[in-house]
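Read the structure below first, then the notes.
The values are calculated or read from the model by the stated rules, or taken from the named source; none is laboratory data. This structure is a prediction, so every number in the text was calculated from the model and none was measured. Neighbour counts run over all protein chains shown; Cβ positions are idealised from the backbone, glycine included. When the accessible area is computed, the model is the full protein with side chains, heavy atoms only, and any ligands, DNA or RNA have been set aside. Shrake-Rupley method; radii C 1.70, N 1.55, O 1.52, S 1.80 Å.
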Amino acid sequence: MGFNPKLKFAPNQGAAIGFDVPGGPEGTGLLVYPSPSEDRFSEMSLIGAAFLTQSLPQLSPPEDSKSDILTQVLRRFEPCQDFFMENLTDPYPTASQKQDLQARGGITVTSLNQWFTNIRRRSGWMDILKTHANSRKDEMKSLIEGVLYDPHYPARQEAKDAITKMRAYVAELSKKQSTSTL
């Protein structure tokens, strides 16, 4: 037992990191990270994965399959995904919103902060902010609101496509997490 990571990579599908949790069944620390695009690999933080294991011993009994445990861990972040999708214009929860998300998901503040940092980067939100909104959050808010709610909003097609891709990435991540199997 112990933190003994084993990385598995499937081209165009992402990566899986398996590790043993002290006192838990072998391989219970398996986490899957999908790749956001077909031509690059999602960067993975073993430290971030380790934070998620803090709550693994509280999961279902050891007789559950690894995919059941993985699904339970990933579902803890569903409130975060909902928040992100509902707040695309400013996906930065306040301190009180973070407390609510923590309580609803049963996750640590470190895991929550890391999840939001990763999803903003991996979904393309940060790239859209820099490329299409001049790194200004007020312009980002106007851009996203305009693209999503005004079909005649005068945005470049490239920006519209990037926002559509961002939303699709998060929706697909939610779908994969709710139906994940090993």
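List the helices (runs of 4 or more DSSP H) that sit entirely inside region 105-182 and contain at least 1 residues that are of a type in the set (F, W, Y) and surrounded by 18 or more Cβ atoms within 10 Å (Cβ to Cβ).
Here the list reads 109-122, 125-132, 157-178.
Within region 68-89, count every residue that is charged (D, E, K, R), surrounded by fewer than 20 Cβ atoms within 10 Å (Cβ to Cβ) and in contact (Cβ under 8 Å) with a residue 24 or more places away in the chain.
Going through region 68-89 one residue at a time, the tally reaches 2.
Since L56 meets every condition but one in (1) touching a Ser or Thr at 6+ places or on another chain (Cβ under 7 Å); (2) modelled with pLDDT of 65 or more, which condition does it not meet?
So L56 meets the others, but not (2).
Is there a residue in region 90-101 that is farther than 30 Å from Q72 by Cβ, open to solvent by 60 Å² or more (accessible area, probe 1.4 Å), of a type in the set (S, T, Y) and out of contact with any Asp or Glu (no Cβ under 6 Å at 6 or more places or on another chain)?
No: zero hits.
With the structure loaded, tell me whether K137 is in contact with an Asp or Glu (Cβ under 7 Å, 6 or more places away or on another chain), without any contact (Cβ under 8 Å) to a residue 60 or more places away in the chain and either closer than 19 Å to T164 by Cα or β-branched (V, I, T) (or both) or whether it fails that test.
yes
Filter region 90-104 for residues that are closer than 17 Å to K141 by Cβ and in contact (Cβ under 8 Å) with a residue 24 or more places away in the chain and give the result.
D90, P91, Y92, listed by residue number.
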